[in-house]
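The values are calculated or read from the model by the stated rules, or taken from the named source; none is laboratory data. As the structure is a prediction and not an experimental result, all values here were calculated from the model. Cβ placement follows ideal geometry from the backbone for every residue including glycine, while neighbour counts extend to all protein chains displayed. Accessible surface areas use protein heavy atoms only, side chains included; no ligands, DNA or RNA. Shrake-Rupley method; radii C 1.70, N 1.55, O 1.52, S 1.80 Å.
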Amino acid sequence: MKVSGVDLESIAEEFGTPTYVIDFERVRENYTRLNEALECPHVIAYAYKANHEPELVRMLALMGSGATVPSAYGVMLARWAGVSPDKVVLVGPSPSRYDLEEALRYGALISLESESEASVLEKMGRARVMVRVNTGIEAGAHPSLVTGGKKSKFGLPPRRALMLLKSLRSTMDVEGIHTHIGSQILSIEPFKRAVELIMKLVRDFGEVKVIDMGGGLGIPYLNEEAFPLEEYSDIVCDAASQVGATLFVESGRYIVGDAGYLLTRVNYVKEVGEEKWLLIDAGMNDFLRPALYNAKHRIIAEGNGPKERYLVAGPVCESADVFGEYYLPRLKEGDLIAIGDVGAYGFSMASRYNLRPLPAVVSVDEGRYRLLRERESFGRAIF
Ligand code: LLP
């Protein structure tokens, strides 16, 4: 099992399992593909919440990437990585005073999600702001990944957003309009509708410097078609160019998703009735997406002979700690497998649940590997 010329078994032997591996070459390829497709003045404000590994965000910053951050610590990390303030966006449905203060101090662009948030920020000083619009479009691969619609906590409906934008003209530097319609979207339609709606608001408001279309660009996890990048780029770039605005795209998953692997070993194989359980040493605390969204990720396993049906599950004492049904070569205790496409929302959503230390993180790049983050151990951070 090799990634970017590196044998995953040697990483597992040296650092143990479970361990996240990030293929930096793949990240650069993804970033470059997106950057080259966007043929208009733009900023790719990479969404740090997808994967905030410091070396990774620094590499992206060196390539020209901006940052979309959800908190004060995100602002600090972007500053450390060398991202200039004009490329940093702070956005979240309920930022703390501290989050807002740090963003204001650094000169980041703050996307406001309510009138109430705006009035708190007004008291702190004059900031560069946008307003986040809830387009009402319900897009996303799972109900938990949808951010639009009447029942969503995100942003403001278009008319209210417009009123807020107008009212902030005297107290703030109003730079633009923001939306983020959902995550893991593979079709172009929702983006088309969102752009139309945003453009109508832009015309009603007047001039804007920034149109921020958020992230949401999906990746094929199993056999889906790839994201229609050229079509997306045409639509969003046409819109921004029409009004002379800089386009912001806040991709996370598209840049790092397929660059991550979770190395894990088989602890036990257990047959009960019809079922054959492959009990691995990574669990929902290490990788939450299957338990939280029913997400299915590919599993890479080596071996000969016919494939067998397994239910793959982790060590956490929860029935939801199951990765799903897989057909894999025959496996035994100690064998190494890799869960694919875990570069986005993998380590960043890991927890210490079940008194389990956070896993190690290793980068691979041009045939070499390097430890980025040590596995936690008893007494270091886990209590
Ligand atoms: N911008 C904003 C305001 C966001 O809230 C997000 C993600 C992004 C950009 C980046 O979205 P992306 O391009 O990665 O789709 N934990 C879930 C995904 C939650 C996304 C949260 N917001 C998952 O594992 O699928």
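At-a-glance table
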read-out: Average accessible area per residue (Å²) across the chain - probe 1.4 Å, nucleic acids and ligands excluded; value: 44 Å²
read-out: CD proxy at 222 nm, helix term only [per DSSP H run n ≥ 4: -39500 (n - 2.57); per residue of the chain; nearest 500]; value: -8500 deg cm²/dmol
read-out: For the chain, share of DSSP beta bridges that run antiparallel, in % to the nearest 5; value: 45 percent
read-out: Helical segments meeting 18 Å axial Cα length and Kyte-Doolittle -0.5 threshold in the chain (DSSP H); value: 189-205, 229-242
read-out: Ranked order, Val133, Val146 - accessible area, probe 1.4 Å, largest first; value: Val146, Val133
read-out: Part-to-part distance (alpha-carbon centres) for the range 87-155 and the range 166-214, which is given in Å; value: 13 Å
read-out: With every protein chain in place, the chain: carbon and sulfur % of accessible area (1.4 Å); value: 49 percent
read-out: DSSP beta bridges in the range 52-251 [antiparallel fraction, %, rounded to 5]; value: 5 percent
read-out: The range 52-251: Rg to Rh, with Rh as the Kirkwood radius over Cα pairs; value: 0.95
read-out: Cysteines, the chain, no other Cys beta-carbon under 4.7 Å; value: Cys317
read-out: Heavy atoms of Tyr31: accessible area, 1.4 Å probe, square angstrom to 10; value: 10 Å²
read-out: Simple spin-label estimate for Tyr98 and Glu207 in nanometres, 7 Å along Cα-Cβ; value: 3.9 nm
read-out: With DNA, RNA and ligands ignored, accessible area of Lys307 (1.4 Å probe; Å², nearest 10); value: 130 Å²
read-out: Cβ-placed point charges (K, R +1; D, E -1), dipole of the chain about Cα centre in debye, nearest 20; value: 1140 debye
read-out: Ranking by accessible area, most exposed first, for Thr171, Thr135 with a 1.4 Å probe; value: Thr171, Thr135
read-out: Loop trypsin sites (Lys or Arg not before Pro), the range 144-222 (other Cβ atoms within 10 Å of the site Cβ: 11 or fewer; DSSP); value: Lys150, Lys151, Lys153, Arg169
read-out: Nitroxide proxy distance, nm - points 7 Å out along Cα→Cβ at Arg352 and Ser170; value: 5.1 nm
read-out: The range 268-331: GluC sites (Glu not before Pro) falling in loop per DSSP and having at most 10 other Cβ within 10 Å; value: Glu274
read-out: Loop-located GluC sites (Glu not before Pro) in the range 169-231, at most 15 other Cβ atoms within 10 Å (DSSP); value: Glu207, Glu224, Glu225
read-out: Hull shadow area, averaged, the chain [alpha-carbon convex hull, nm²]; value: 19.4 nm²
read-out: Additional length obtainable on full extension of the chain from Met76 to Ala226, 0.36 nm per residue less Cα span; value: 50.6 nm
read-out: Backbone N within the range 289-312 under 11 Å of label point (7 Å from Lys332 Cα along the Cβ vector); value: none
read-out: Charge dipole magnitude, Cβ of K and R +1, D and E -1 - the range 52-251, Cα centre, debye nearest 20; value: 800 debye
read-out: Estimated inter-spin distance, Glu138 and Arg368, nm [label 7 Å along Cα→Cβ]; value: 5.1 nm
